[in-house]
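Data block below; observations after.
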Amino acid sequence: MKLLDKISSVPHGELACTTELLILAHHCFRLTCHMEGITRVLQAARRLTDEHLAPNEKYGLVVRLLTGIGRYNEMTYIFDLLHEKHYFEVLMRKKLDPSGTLKTALLDYIKRCRPGDSEKYNMIALCFSMCREIGENHEAAANVQLKLIESQPWEESLEDRPNLKKHLMKALTLFLDAAESYSKDFCVHQSLRCNRLTKLITLQLHFLHTGHKDKLINLRRQDLPECIVNLPRFYQVGQPGWARPEAVTCSILNPMGAKEAPRGNSAVGPGGGLTLPRLASSQQPLSTWGGG
């Protein structure tokens with residue numbers, strides 16, 4: 001408390017001294033779990049920032065105050081100030097964050113307060129080599145493109161094919177970037193998921209280029225069997241199942257069933273349906289499947 005009492009006697013020109021006294025006072029209060037003292041320090045830090053540091057453009061001292069106290073959730077006003085004054089990048093210096101808490105606070109701030117600034121989010125994650133977070137951001141952006149396509153009937157989307165292809169290409173690029181970022185951080189499951197979706201989108205683009213109107217993306221589970229039996233080539237059958245794991249229990253009926261099997265499906269024998277789990281997990285060449 002004596003440190004706080006002395007702050008008022010420090011000349012206004014000695015802002016660096018005042019900043020260090022506040023940081024030291026907070027350190028003492030934190031060690032003794034003195035919550036009232038911590039609250040007073042935070043209030044004094046806010047006044048110092050608003051009345052002296054910001055008007056005099058002492059942004060270096062603002063950063064020192066933020067990182068020295070380290071209570072990022074209670075000091076988001078400093079994030080706002082630095083972002084407004086284009087001084088935000090200073091926080092990305094790795095020597096400012098030996099404990100790793102600042103980078104987490106920065107990403108959380110961007111998510112909560114500036115959710116549309118994906119460029120800033122990626123810049124922060126890249127600066128701190130947070131590849132998984134970059135992958136999550138790319139994947140979320142790719143899913144937004146798929147949602148935009150899903151927001152209108154497929155027939156209407158086909159009427160504006162250039163716009164549909166544009167959304168698909170954006171999603172494809174973002175999923176590719178997400179898969180690469182995930183793999184750098186050894187997130188194998190997430191990387192494989194994105195890779196499967198790139199194959200599905202690539203097949204959908206191929207259909208659009210060749211004049212096919214079949215829909216492969218954003219399929220509901222009940223729509224998958226009809227999609228599968230309408231595919232023109234047997235090797236294409238696995239793509240929707242790989243990209244939509246929740247639907248892999250659907251079966252492909254053979255020519256003896258109620259629906260026609262995909263063209264080129266001479267490999268399916270008379271022993272009933274061929275299930276997608278068998279199709280996706282099999283490593284045998286097509287020619288070795290029975291009934292050839």
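What are the residues in the stretch 79-135 that are among the β-branched types (V, I, T) and in contact with an Asp or Glu (Cβ under 7 Å, 6 or more places away or on another chain), if any?
Across the stretch 79-135, the qualifying residue is only I110.
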Worksheet item: Can you name the residue in the stretch 156-182 that is open to solvent by less than 60 Å² (accessible area, probe 1.4 Å) and polar (S, T, N, Q) and is also farthest from L231 (Cα to Cα) among such residues?
Response: S181
Response to the item:
Subset of the stretch 136-185, residues out of contact with any Cys (no Cβ under 6 Å at 6 or more places or on another chain), of a type in the set (F, W, Y) and closer than 16 Å to L205 by Cα, comes to W154
Worksheet item: Is the stretch 40-54 home to any residue that is open to solvent by less than 20 Å² (accessible area, probe 1.4 Å), in a helix (DSSP H, G or I), at pLDDT 90 or above and of a type in the set (S, T, N, Q)?
Response: yes
Item to complete: Determine whether Y87 is among the hydroxyl-bearing types (S, T, Y), at pLDDT 90 or above and under 26 Å from C113 (Cα atoms).
Response: no
Worksheet item: Can you tell me which of R193, R220 is open to solvent by 30 Å² or more (accessible area, probe 1.4 Å) and either among the aromatic types (F, W, Y) or modelled with pLDDT under 90 (or both)?
Response: R220
Worksheet, complete the sentence: Restricting the stretch 25-39 to residues that are in a helix (DSSP H, G or I) and over 38 Å from the mean Cα position of the chain (by Cα), the one surrounded by the most Cβ atoms within 10 Å (Cβ to Cβ) turns out to be A25
Worksheet item: How many residues does the stretch 77-108 contain that are farther than 19 Å from T49 by Cα and either exposed (fewer than 14 other Cβ atoms within 10 Å of the Cβ) or not aliphatic (A, V, I, L, M) (or both)?
Response: 11
Fill in: Of all residues making up the stretch 110-155, the number that are farther than 30 Å from T210 by Cα and open to solvent by 80 Å² or more (accessible area, probe 1.4 Å)
6
Worksheet item: Assuming Y109 fulfils every condition listed in (1) of a type in the set (F, W, Y); (2) in contact with a Phe, Trp or Tyr (Cβ under 6 Å, 6 or more places away or on another chain); (3) in contact (Cβ under 8 Å) with a residue 60 or more places away in the chain apart from one, which condition is it?
Response: (3)
Discussion item. Please verify whether R161 is within 28 Å of T76 (Cα to Cα) and either over 20 Å from the mean Cα position of the chain (by Cα) or not β-branched (V, I, T) (or both), treating the condition exactly as stated.
Written reply: no
Fill in: Single condition S129 does not satisfy, out of (1) touching a residue at least 40 places away in the same chain (Cβ under 8 Å); (2) polar (S, T, N, Q); (3) outside any helix (DSSP H, G or I)
(1)
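The values are calculated or read from the model by the stated rules, or taken from the named source; none is laboratory data. Just so it is clear, the model here is predicted, and its values are computed rather than measured. Cβ sites come from the backbone with ideal geometry, for glycine too, and all protein chains shown count toward neighbours. Ligands, DNA and RNA are excluded from the accessible area calculation, which covers all protein heavy atoms including side chains. Shrake-Rupley method; radii C 1.70, N 1.55, O 1.52, S 1.80 Å.
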